[in-house]
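Working notes, structure below.
The values are calculated or read from the model by the stated rules, or taken from the named source; none is laboratory data. Just so it is clear, the model here is predicted, and its values are computed rather than measured. All Cβ positions, glycine included, derive from the backbone under ideal geometry; neighbour counts span all protein chains shown.
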Amino acid sequence: FWIWGGGLQKSQHTKLSNNFNNVLAINELKYHEPETLLISNVGEVNSDDLIDIYIPPYYFCYTGSVVEPLLDFPDNIAMQLWEDTDQTDWLSLYAPSNQCQLKSKELPGKIINTEKITLTKWPVRSRAVLTKVCYEEGRSILGRMKSVVFIRTSTPNPNKLVIDMAETYFINNWTAKVNEFRAKRLVIMPEDVKRWVESNKGAKRIEPELMELLTGEILVKPMNDVNIHLKLESLLKDNTTIMTKQQQARIIVWQRKAVCAIYSNLFVKVKDRLKSILHDKIIYADGLRPDEISARVRLCKNVAGFFENDLTKQDRQTDAPIITTEMYMYDLLGVHPNVIASWREMHEVWRFKSNNYWGYGKAVRLTGQATTAIGNCITDSQVHQEFVRSNFQILQLALFLGDDMCMVLSERPNTKNLRKNIATRFNMQSKDAWYKNGATFCSMVMSRTPTGAELCPDVVRLKFRYEVTNGVHEANKENILMRKASYIMMLGEGPNIKVVVNQLSLPIKPLLWYDFESMIRAVGDKYNMSHVQVMGIITIYCKC
């Protein structure tokens, strides 16, 4: 167009990239019946030719052209898994990876029906574990106990390693504290044993079992004999199984109650001593509630991100050198040498039996021992000792609980050769990861806040985990209501939570233990979800 200015004429022409070919479609619109003007002396020409047009596909984003994935909507795989209820062709038992001898008396029997309770028709990610399947015990024992991967090429000196651990994880004057512990050696006390038995619901059965052990059974039946049963639960894994036959039930390898009664309270005291000697930056979270852990994480400032390093199959990969270092740590914490020696026997050659299988084992971490939790923590700390020492200046906080670990750092650490060192020196396979937001600790989420960091519930995991019950207790109305109350307490105070509590008439008061918006961002970063999608998950979760 033309404009006047200063006596000069200037032409402005805006070039457009669109050729507007789509307007051709208007030629095909018929709002009314078409009419043709009749003109005399002009012949009417009949033509069946339609307007030949080509409308290219739209490449602009219009409302509804981008559809967000329905993360909570069951796909064909999930529906097929839950609809495929005939597993009568499932009869398989594979060989162990290690040389061993496993005896069995199990044979296929009659076809049985088993029931699993789900709170949605087709759970998306949670999977019920079938423990009554033929050979499932054998598959789990072989897969979880007899498939150790031997990757160690060197063995650290356990004496030097435990001193290095003390220098790294303990307070500055740790030697004085160790002297105090050794001046008051921990031994097995009758009152501790009595208190443990009395607090157990099977006290009347445990008492004669313990007396039989003390009056002579110890001479003919080793104390390190263990029993095995399959854990009745539902599983929620990152790599979800797409068919029922892919499952592998977890096993509980447990000592008899009489042995637990002797040692359990002693190692509770060991945990207390360990907590009292740790550096302020190191937290052993055993016994702490989520809100207490979150309160400690909030003290961290200048947070750049979070470091995780899960050890693959940690229990199975725990070998004799790692156990030796653990025993030296108990010595630093003031456990009497005779008690340490008797407990060390639990990790020597031990016999196991289940309903249909029996055999021998050596070393490894057993899931039902008095030291399972603290032992895994010590294993995790010795594996990461060198890494923590080299990054101690940028370390804000290190959280340990069993085989879970997460570190809060002010800079991204150098992880070069970390996996190789852990594998060759500690026989462990690891998978370290760095997250700016949305790391995982004990199935919860570590989130960055405007002032630092905190711990939050993983609402996506809670929602999917809620869909399938463990099956341990009867799924009656009272138990389902108690389960809802437990999940609500983990979710804490938030939008619509009070309404749900009032609707269910629950006698609970959820705590406000995290920042809601920070949690939304962290969960969104973890699962690559938008703010609206996370809020949708919470809304559906509250309606379950």
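Summary of values
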quantity: Residues (in a loop (DSSP other than H, G, I, E, B) and among the basic types (Lys, Arg)) located in the stretch 127-148; calculated: 132, 146
quantity: All positions within the stretch 448-485 that are more than 19 Å from residue 232 (Cα to Cα) and more than 16 Å from the chain's Cα centre (by Cα); calculated: 448, 449, 450, 451, 452, 453, 454, 477, 478, 481, 484, 485
quantity: Any hit, the stretch 380-395, residues being closer than 24 Å to residue 526 by Cβ, at pLDDT 95 or above and in a strand (DSSP E or B); calculated: yes
quantity: Every residue from the stretch 170-203 that is assigned to a helix (DSSP H, G or I), closer than 22 Å to residue 343 by Cβ and not charged (D, E, K, R); calculated: 178, 181, 183, 190, 193, 196, 197, 199
quantity: Residue that is modelled with pLDDT of 95 or more, in contact with a Gly (Cβ under 8 Å, 6 or more places away or on another chain) and within 26 Å of residue 384 (Cα to Cα), where the choices are 333, 274, 299, 278; calculated: 299
quantity: Qualifying residue in the stretch 437-452 (condition: in contact with a strand residue (DSSP E or B) (Cβ under 9 Å, 6 or more places away or on another chain) and farther than 26 Å from residue 464 by Cβ); calculated: yes
quantity: Residue identified as surrounded by fewer than 20 Cβ atoms within 10 Å (Cβ to Cβ) and without any contact (Cβ under 8 Å) to a residue 60 or more places away in the chain among 275, 281, 269; calculated: 275
quantity: Selection count where residues are touching a strand residue (DSSP E or B) at 6+ places or on another chain (Cβ under 7 Å), within 30 Å of residue 77 (Cβ to Cβ) and among the charged types (D, E, K, R), scope the stretch 201-257; calculated: 1
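Each row is one residue, and each column tells you yes or no for (1) assigned to a loop (DSSP other than H, G, I, E, B); (2) in contact with an Asp or Glu (Cβ under 9 Å, 6 or more places away or on another chain); (3) at pLDDT below 90; (4) not aliphatic (A, V, I, L, M).
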| site | (1), (2), (3), (4) |
| --- | --- |
| 446 | no, yes, no, no |
| 453 | no, no, no, no |
| 495 | yes, no, yes, yes |
| 498 | no, no, no, yes |
| 503 | no, no, no, yes |
| 511 | yes, yes, no, no |
| 519 | no, yes, no, no |
| 540 | no, yes, yes, no |
